[in-house]
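The values are calculated or read from the model by the stated rules, or taken from the named source; none is laboratory data. Keep in mind that what you see is a predicted model, and the values were worked out from it rather than measured. No Cβ is skipped: glycine too gets one built from the backbone with ideal geometry, and neighbour counts run over all protein chains shown. For accessibility, only protein heavy atoms count, side chains too; no ligands or nucleic acids. Shrake-Rupley method; radii C 1.70, N 1.55, O 1.52, S 1.80 Å.
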Amino acid sequence: MQSLRRLPWTDEGRAAFVPPGDGLVNDLADAVEAEMLGMARADASRGRALADDPAACGVELRGAVWYLARAVEDAALVADLRAERLGGAEA
């Protein structure tokens, strides 16, 4: 039996799956994963810049922490999804 690819989004809160391979949904999933990683890198860069700003206020720093937490969650999800496809984790 062929394993399924877990997608980086959910279907009404439930994990969504697709057969691996070429196709529109797999291409979209690849693009979403790439976008998640790109946004995480941008958030990390903005967070570093804000941390280096002595004039940054608490509200700005709390906002940066929220975005950085989301970025870490997204990057961890992409890592989990890729490990599943490589056979390194149970689906």
ask   = Take the residues of region 30-63 that are in contact with a strand residue (DSSP E or B) (Cβ under 7 Å, 6 or more places away or on another chain) and touching a residue at least 40 places away in the same chain (Cβ under 8 Å): which is nearest to Leu81 (Cα to Cα)?
value = Glu33
query = Considering only residues of region 64-91 that are over 30 Å from Asp52 (Cα atoms) and either at pLDDT 90 or above or in a helix (DSSP H, G or I) (or both), which is least open to solvent (accessible area, probe 1.4 Å)?
reply = Leu81
message = On the basis of being farther than 18 Å from Val65 by Cβ and hydroxyl-bearing (Ser, Thr, Tyr), does Ser45 make the cut?
response = no
message = I'm trying to understand the selection: among the residues of region 12-48, which are open to solvent by 60 Å² or more (accessible area, probe 1.4 Å) and in a helix (DSSP H, G or I)?
response = Leu24, Val25, Asp27, Leu28, Asp30, Glu35, Met39, Arg41, Ser45, Arg46, Arg48
